[in-house]
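No value in this document is a laboratory result; all are computed from the given coordinates. Quick caveat, the model's predicted, so the values are computed rather than measured. In this analysis, Cβ positions are derived from the backbone assuming ideal geometry, glycine residues included, and neighbour counts consider all displayed protein chains.
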Amino acid sequence: MAEHPKLGIRTNRICCIGAGYVGGPTMATIALKCPHLQVDIVDMNEERISRWNSDDLPIYEPGLGEVVKACRGKNLFFSTDVKKGVEEADIIFASVNTPTKTQGVGKGRAADLRFIESVGRTIAQFANRSKIVIEKSTVPIKTAEAIARVLSANEAASGSRKNFWILSNPEFLAEGTAMADLDQPDRVLIGGQDQDAIGVLVDIYANWVPRERILCTNLWSSELSKLVANAFLAQRVSSINSISRLCERTGADVKEVSRAVGADTRIGPKFLNASVGFGGSCFQKDILNLVYICQQFGLEEEGAYWQQVVDMNDHQKVTFTSKIIQALFNTVTKKKIAVFGFAFKKDTGDVRETPALLVCDMLMKDGAIVHVYDPKVAIEDALQEFKYHDLEVNQSQFIFSTSAEEACDGAHAIVVLTEWDEFKKYDYQKFYSKMMKPAFLFDGRNMLDHAGLEKIGFEVHALGKARVATEHHHQDFVMRAGSRGSAGYS
Ligand code: UDX
Ligand code: ADP
């Protein structure tokens, strides 16, 4: 059996606690790239594990199914036996959820570390020998210290002499592209205090990642870098979204602006697409966490600066929805609205912090009957997210359609909230013929062929484009001239 000469740990097996969006794809990739290693994923959620062991995986991620199929039962195993997992492997990944606290000190901002802490206690309870413990979940800076304290305090109390090396190895995969991101990461970040322990993890990744892309830092830099990377990405989205409104008022086109700005190599083209707002399990949570940490260290202004990124995102969702209500003659009461997409972005069924939540909530509060079509989201998941945010849903106002066409039948407007590729391929002429007139289309992802839709007859509202203003000028002119074309304005 392979044993590390200095650390005295077995290096042929890996256990991952937590079979979620991060743990699942990451471990599947390690299993694929390292056929000489056995990878066990354990989770206390029985339903989740039984789905990992079936053909109906609990998460949708392009390419994941194939890898799981290729490795499962060979060197990749899913189980609820956490004890056995911890006993049999000396390299343990912690990949559990770290939601924002919903009560108590730091409510709404601080990360809720109870799952991380429980992992620490579980390892303390079952570890029969020395182990490397790797934080994979996104955690606030100094979490490693908390895990280390739980482990060392239990160790001292039991009187044994095991060692625990804590490493931080944050995940930078994005949902929808997770398998590609894992296959060819821009970088792998490993933080730790012990060079030998770091070396064990470097050797695992080096099976497929070029060594120069594996960055080793101290623990705290690694933990903080993850929050900062997400905060910077989210900030770019909020920045371009704020500019989209300025474009609408001035006649500039946000797509042209973002192309011009992104062409500057110092800025670069990525993460400059104006949208209805960013969502997902990481951005908001990580920024709020950063805000909280700044405040904890007495950095009020710095905290306020980052808070503004989240505030701008909320503002974006509100203004987008207000625009819909305004355009529909200031009321959507009893109007059917077809919502295309509920996931926080394409190629995932994940609805955590999706902007669709607030948009639909606002529309329903105004009386709309919302008909959602999303290729991967199930209504139960959507309803659960409403509940998580303490938002009440009247189910007669929130309906899931089995096709986009069905959602459009008799609708006053189409509202695009997720950039699914299939939305580009639809026969909008057919949809238009089934809709109420005027038929509106609000493109919250700026992804459709707006000129083509206008030609069909849609009144299209894009993000960050002042088309409406020019049309109004035209109609004002027509009205002043006393033409019958002004009928709609009387
Ligand atoms: C993010 C980070 O990218 C990833 O590195 C980290 O590990 C986890 O958080 P993810 O949440 O999966 O990944 O999605 P991402 O692709 O980053 O998009 C986040 C949100 O921003 C989505 O709602 C997306 O639609 C939105 N977005 C992104 C925009 O609105 N405009 C853009 O230009 C880019
Ligand atoms: P992420 O997006 O970070 O992967 P998920 O919520 O998708 O988060 O997955 C986290 C998983 O961790 C869940 O399936 C949950 O059941 C599991 N989990 C949390 N705490 C523990 C624990 N102490 N022991 C085993 N599994 C845990």
**Item:** Most positive-pole-ward Cα, ALA206, SER242, ALA229, against dipole of segment 204-250 from beta carbon charges
**Value:** SER242
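Stretched out fully, how many nm does the piece from LYS107 to HIS389 gain, at 0.36 nm a residue minus the Cα gap?
This chain segment gains 100.2 nm when fully extended.
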**Message:** What is the angle, in °, between the Cα long axis of helix 379-388 and the longest principal axis of the Cα atoms in the chain? Nearest 10 is fine, range 0 to 90.
**Reply:** 80 degrees
**Item:** Computed [θ] at 222 nm, deg cm²/dmol, the chain (DSSP H ≥ 4; -39,500 (n - 2.57); rounded to nearest 500)
**Value:** -13500 deg cm²/dmol
**Prompt:** Of LYS142/LYS376; LYS74/LYS136; LYS33/LYS142; LYS101/LYS336; LYS387/LYS434; LYS107/LYS335, which pairs sit farther than 26 Å apart, going by alpha carbon to alpha carbon?
**Reply:** LYS142/LYS376; LYS33/LYS142; LYS101/LYS336; LYS387/LYS434; LYS107/LYS335
**Request:** Compare the Cα positions of ILE324, SER403, PRO438 along the charge dipole of segment 304-450 (+1 at Cβ of Lys, Arg; -1 at Cβ of Asp, Glu; about the Cα centre) and return the one farthest towards the positive end.
**Result:** PRO438
**Prompt:** So how tilted is helix 114-126 from the main axis of the chain? Cα-based, degrees 0 to 90, rounded to 10.
**Reply:** 20 degrees
**Asked** Mind listing the Cα extents of segment 212-321 along all three principal axes, in Å, largest one first?
**Response** 48, 35, 24
**Asked** For the pair LEU299 and GLU46, what calculated FRET efficiency results from E = 1/(1 + (r/R0)^6), where r is the Cβ-Cβ distance and R0 = 41 Å, to the nearest 0.05?
**Response** 0.40
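May I ask you to work out the translational diffusion coefficient for the chain at 20 °C, viscosity 1.002 mPa s, via Stokes-Einstein with Rh from the Kirkwood sum over Cα pairs, reported in whole µm²/s? Write down the numbers at each step before the final one.
Working: Rh = 24.6 Å.
D, rounded to a whole number, is 87 µm²/s.
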**Message:** Using a Cα-Cα cut-off of under 15 Å, which aspartates and glutamates could be cross-linked to LYS437, ignoring same-chain neighbours fewer than 8 residues away?
**Reply:** ASP409, GLU454, GLU459
**Ranked GLU61, GLU47, criterion: other C-beta atoms within 10 Å, fewest first** = GLU47, GLU61
**Item:** Point-charge dipole on Cβ atoms (K/R +1, D/E -1) for segment 272-318, about Cα centre, debye to 20
**Value:** 240 debye
**Prompt:** Dipole of the chain, Cα-centred, from +1 at each Lys and Arg C-beta and -1 at each Asp and Glu C-beta, to the nearest 20 debye?
**Reply:** 320 debye
**Message:** Of all beta bridges DSSP finds with both residues in segment 1-79, what is the antiparallel percent, to the nearest 5?
**Reply:** 10 percent
**Complete:** In this structure, the FRET efficiency calculated for GLU155 and GLN193 from their beta-carbon separation, with R0 = 22 Å, to the nearest 0.05, is 0.85
**Asked** List the chymotrypsin sites (Phe, Trp or Tyr not before Pro) in segment 377-451 that DSSP assigns to loop (not H, G, I, E or B) and whose Cβ has at most 16 other Cβ atoms within 10 Å. Which are they?
**Response** TYR426
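Using the Cα centre as the reference, give the magnitude of the dipole from point charges on the C-beta atoms of segment 82-138 (Lys, Arg: +1; Asp, Glu: -1; all else neutral), rounded to the nearest 20 debye.
Numbers: 10 positive and 6 negative charges, 43 e Å.
Computed about the Cα centre, the dipole is about 200 debye.
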**Prompt:** Out of segment 194-273, which GluC sites (Glu not before Pro) are coil in DSSP terms and have no more than 13 other C-beta atoms within 10 Å?
**Reply:** none
**Prompt:** Among ALA144, ALA174, ASN154, which residue has its Cα positioned farthest towards the positive end of the charge dipole of segment 142-186, with +1 placed on the Cβ of Lys and Arg, -1 on the Cβ of Asp and Glu, and the dipole taken about the Cα centre?
**Reply:** ASN154
**Request:** Can you list which of the chymotrypsin sites (Phe, Trp or Tyr not before Pro) found in segment 328-378 are DSSP loop residues with at most 16 other C-beta atoms within 10 Å?
**Result:** PHE329
**Prompt:** Among the DSSP beta bridges whose two residues both lie in segment 43-190, what percent are antiparallel, rounded to the nearest 5?
**Reply:** 10 percent
**Prompt:** What percent antiparallel are the DSSP beta bridges of the chain, to the nearest 5?
**Reply:** 10 percent
**Item:** Cα centroid of segment 50-106 to Cα centroid of segment 5-45, whole Å
**Value:** 9 Å
